[in-house]
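Structure first, commentary second.
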Amino acid sequence: MSKRCCDHCHLEYDESILLKDLSFGQSPKYFCCKGCQGVYHLLKSEGLDSFYAKMGDTTLEPPTDAREDSGTFDLDGFISKYVKKCDGLSEIYLVIEGIHCSACVWLNEKVLSKKEGIVEVVINHTNSKAKVVWDMQTIKLSQIIETIRSIGYNAYPYDPSIQEDRANAVRKEYYAKLLVGVFATMNIMWIAIAQYEGYFSGMRQDIKNILNFAEFVLATPVLFYTGSVYFKGAYFALKNRFVSMDVLVASGASLAYAFSVYAMLSKNAEVYFDSVAMIVTFVFAGKYLEVLGRKKAVDVMDSFSSTMPLEATLVKGYEKVLVPVESLHVDDILEVKAGEQVVVDGEIISAEGFFDTSKLSGESKPIYKSVGDKILSGYISLDSVLRYKALSDFSSSTFSKIVSLLSTSMDKKPFIEKMANTISGYFSLVVLGLALLTFIGWFIGFGSFEKALIVAISVIVIACPCALGLATPVATVVGIGSAVKQGILFKEASFLETMAKCDTLILDKTGTITQGKPTVLFSQYFDGFEPSLLYALVANSTHPISKGVALYMRENFNNEIKNISLESVKSIDSRGVEARYKGARLLGGNLKLMQSSGVVFEEEVVSEDMTLFFFAINAKLVAVFGLQDSLRDGAKETIEALKKMGLDIVMLTGDILHVAQDIAQKVGIKRFEYSLLPSDKAEYIDKLRDDGKKIVMVGDGINDVLALSKSEVAIAMGSGTDVAVNVSDVVIGGDSFFALYEAFFISKKVYRIIRENIAFSVVYNTIMIPLAMFGFIMPLFAALSMSLSSLVVVVNSMRIGSIRKIKKG
């Protein structure tokens with residue numbers, strides 16, 4: 001019975017048991033199983049059938065299991081769990097195994113971007129996490145996974161808990177390979193000492209042959225086991241017509257190894273097995289430490305995401321049941337016990353206690369909450385069992401939004417990182433060209449093939465695109481992780497760079513410099529005042545002044561307030577609120593609103609140090625209140641520290657002159673603008689930008705949204721309105737004004753260290769490559785230098801974590 005090979009895996013079988021596929025016209029194909037047949041069709045349809053020509057006589061394992069794995073990516077359960085739908089497109093986060101330099105990132109992004117139906121691919125070098133956006137009607141997710149596998153990588157959905165297990169597995173694998181490399185290299189070094197001694201003092205040829213063979217035995221597992229990662233990376237890089245760092249390491253070590261084997265067999269030249277072992281071991285040791293450093297950099301963000309609760313205690317009458325957090329709805333009654341995390345935003349309806357808010361605010365001091373107070377998802381109950389009413393579902397809760405933003409924060413790379421990645425993408429090709437020129441020059445000049453080859457190997461090995469590729473992403477991840485610890489969330493990594501370049505800080509007054517909780521210090525009432533009408537009016541506004549009046553009314557007129565429903569309620573930007581009740585026109589707000597509405601003042605009301613709130617019915621003044629807001633803790637010291645950073649600070653407010661002047665003097669701000677409408681604030685920022693200023697705007701209310709949108713970087717205090725938080729680029733989770741200083745400190749330090757890393761990489765390669773070309777550096781020292789350059793970049797980036805505290809006066 002005739003034998004025939006499977007057209008996919010190339011394993012040989014009896015022709016009678018093979019599956020005959022006639023869909024290829026005159027040339028039928030034969031497959032050993034449905035798995036091989038499916039993969040063959042997939043590669044053919046994707047234009048990747050040249051794979052079979054490249055594999056030659058190599059045989060493969062039938063891909064039945066792998067095919068089943070890729071098929072699971074298209075299952076409904078998998079799609080619902082990991083894939084997010086937005087505007088008709090699908091989005092998923094994958095972890096791509098095998099990425100270990102910026103060239104790998106470049107290769108994967110290029111190959112995937114060429115696939116029809118894939119809209120966006122962004123890969124984070126530091127944690128190998130890829131964001132893929134695609135049209136599911138054009139391409140299946142399983143096809144995307146197969147494309148990644150076809151170029152030598154593997155992918156699986158991002159999950160913090162799974163990622164931790166896989167990261168530990170990779171660390172153990174690298175550790176085992178490093179042990180082999182270190183053990184063999186140490187023994188080769190002892191043999192090399194004897195070799196060098198014999199070179200100068202003389203050695204019998206038979207002893208030299210034995211030592212050469214011993215080095216060969218030790219160097220072989222180092223090259224092909226410890227260095228296997230470089231051969232694999234080099235193969236797929238060259239297959240896709242790209243020169244990566246792996247190509248440099250693999251070619252340098254392989255050339256030295258091949259020449260040494262030739263020298264050992266011919267016995268007419270010196271061997272360099274010691275250089276082979278040291279090149280691979282030193283470079284791999286640097287990679288192992290780099291893996292550990294990168295893992296530490298992303299642990300903070302992964303640990304933050306992995307604490308999202310999976311279940312919540314739902315109260316139904318007298319029954320309590322555990323339900324998935326995704327099934328929660330607004331107005332559900334939930335219970336949280338001491339030590340448990342609040343799963344959705346809500347309002348306490350029974351009991352009281354202290355909460356740890358450090359996950360959101362970065363502040364370790366517990367806060368007290370009681371009935372009627374709002375609590376946010378991410379808070380942890382410390383000492384009580386409480387019940388609260390859900391004010392949001394799980395997906396729109398504060399903690400869920402932060403985790404979502406955190407997971408996307410690394411997607412938009414800073415410009416400086418894009419530039420570095422572009423340079424490193426072509427760097428390896430330039431180095432190979434220089435090595436070839438070096439070899440030709442030395443061979444022509446000195447006539448020694450051996451010397452020319454060793455010098456060229458040194459040039460290949462000493463060049464380090466990794467240091468350039470690592471310069472930005474490691475520093476960026478460490479910076480974002482440090483910010484998260486302080487309760488600061490950068491929605492995109494690019495805002496770190498943008499914020500560091502800004503020279504002007506615009507501060508809103510109410511709710512930013514001040515607490516945003518003004519209290520009523522005096523009140524005056526006139527004929528026709530009706531507490532219920534005033535309370536109904538201010539209860540419809542989110543402005544801090546209205547909230548302060550509403551609180552005062554509840555505390556002083558609680559028994560007189562009736563439930564009244566107003567009509568035509570509308571907010572008037574930076575002036576107040578207006579409504580109608582049974583035909584009567586109700587107005588509440590500042591002096592400008594009263595004057596523009598023709599309100600009659602029977603007597604003058606003046607206050608030099610308070611914000612005035614007027615209440616009028618049918619153009620007649622019936623009440624006036626004087627309110628005063630207190631400064632945020634540390635506001636003066638923080639502003640002074642920001643000035644020392646070189647920032648020009650301006651305060652904008654809709655309040656009157658004497659109130660704005662009083663606050664500005666207290667915190668040390670010399671430039672301020674008062675009585676501004678939201679449009680006035682936006683125009684002021686436009687004018688500064690026209691003058692070449694780069695603006696950071698900090699605000700917390702709806703009236704700040706327009707100004708926030710005009711600035712280079714918009715910062716919202718976490719206690720602000722949802723609209724302000726949504727439109728901002730950076731969110732400060734707590735009420736600490738000092739966090740604003742921390743945000744600037746981190747951004748400037750990250751940007752400075754990125755520039756230091758890039759400068760070091762450029763200087764290193766500018767100095768070391770010429771030295772290697774002129775023959776001053778041996779291959780083993782070249783390998784050591786290459787590894788140390790990468791480690792310098794990683795260690796330098798880790799310095800970002802320390803934040804200098806400011807002194808409070």
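The values are calculated or read from the model by the stated rules, or taken from the named source; none is laboratory data. Note that the structure is predicted; figures quoted are calculated from it, not measured. Cβ sites come from the backbone with ideal geometry, for glycine too, and all protein chains shown count toward neighbours. The protein model used for the area step is the full one, side chains on, heavy atoms only, and it has no ligands, DNA or RNA in it. Shrake-Rupley method; radii C 1.70, N 1.55, O 1.52, S 1.80 Å.
Report the net charge of residues surrounding S565, where surrounding means a beta-carbon distance below 13 angstrom and charges are Lys +1, Arg +1, Asp -1, Glu -1.
Spelling it out: positives minus negatives among the neighbours equals +2.
Can you work out the FRET efficiency for the pair Y368 and F529, with r the C-beta to C-beta distance and R0 = 35 Å, to the nearest 0.05?
It comes to 0.50.
³J(HN,Hα) across segment 429-443 via Karplus (A = 6.51, B = -1.76, C = 1.60, θ = phi - 60°), whole Hz, x for Gly/Pro?
5, 5, 4, 4, x, 5, 5, 5, 5, 4, 4, 4, x, 5, 5
Any chance you could tell me what percent of the C-alpha pair distances in segment 472-541 go past 20 Å?
The calculated P(r) of segment 472-541 puts 61 percent of pairs beyond 20 Å.
For E120 and D383, compute 0.36 nm times the residue count separating them, minus their Cα-Cα distance, and round to one decimal in nm.
That works out to 90.0 nm of additional length.
Using the basic label-point model (7 angstrom from Cα toward the beta carbon), what is the S80 to S630 distance in nanometres?
According to this spin-label approximation, the distance is 5.1 nm.
Assign unit charges at the C-beta atoms only (+1 for Lys and Arg, -1 for Asp and Glu), then state the dipole size of segment 70-160 relative to its Cα centre in Debye, rounded to the nearest 20.
140
Per 10 Å bin, what percent of the C-alpha pairs of segment 70-160 does each bin hold, from zero upward?
Final binned percentages: 17, 57, 25, 1.
Using a 7 Å offset from the Cα along the Cα-to-Cβ direction at both N558 and E347, what is the distance between the two label points in nm, to one decimal?
So the two model labels end up 1.5 nm from each other.
Need one number: convex hull volume per residue for segment 516-630, Cα atoms only, in Å³.
Per-residue hull volume (Cα only) is 99 Å³.
Along the Cα→Cβ direction, 7 angstrom out, place labels at N209 and K694. What is the inter-label distance in nm?
So the two model labels end up 6.9 nm from each other.
Work out, step by step, the length gained on full extension between L11 and L521: first 0.36 nm times the residue separation, then minus their alpha carbon distance; give nm to one decimal.
174.7 nm
Mind checking the full-extension length gain between K687 and F354? Use 0.36 nm per residue of separation minus the Cα-Cα distance, one decimal, nm.
The K687-F354 span can extend by a further 115.2 nm.
Please list I639, I545 in order of solvent-accessible area, largest first, computed with a 1.4 Å probe with all protein chains present.
In descending accessible area the options line up as I545, I639.
Computed FRET efficiency, Cβ-Cβ of S27 and A176, R0 30 Å: what is it to the nearest 0.05?
Calculated transfer efficiency: 0.10.
Provide the FRET efficiency to the nearest 0.05 for the A759-V430 pair, computing r from the beta carbons and using R0 = 22 Å.
Calculated transfer efficiency: 0.70.
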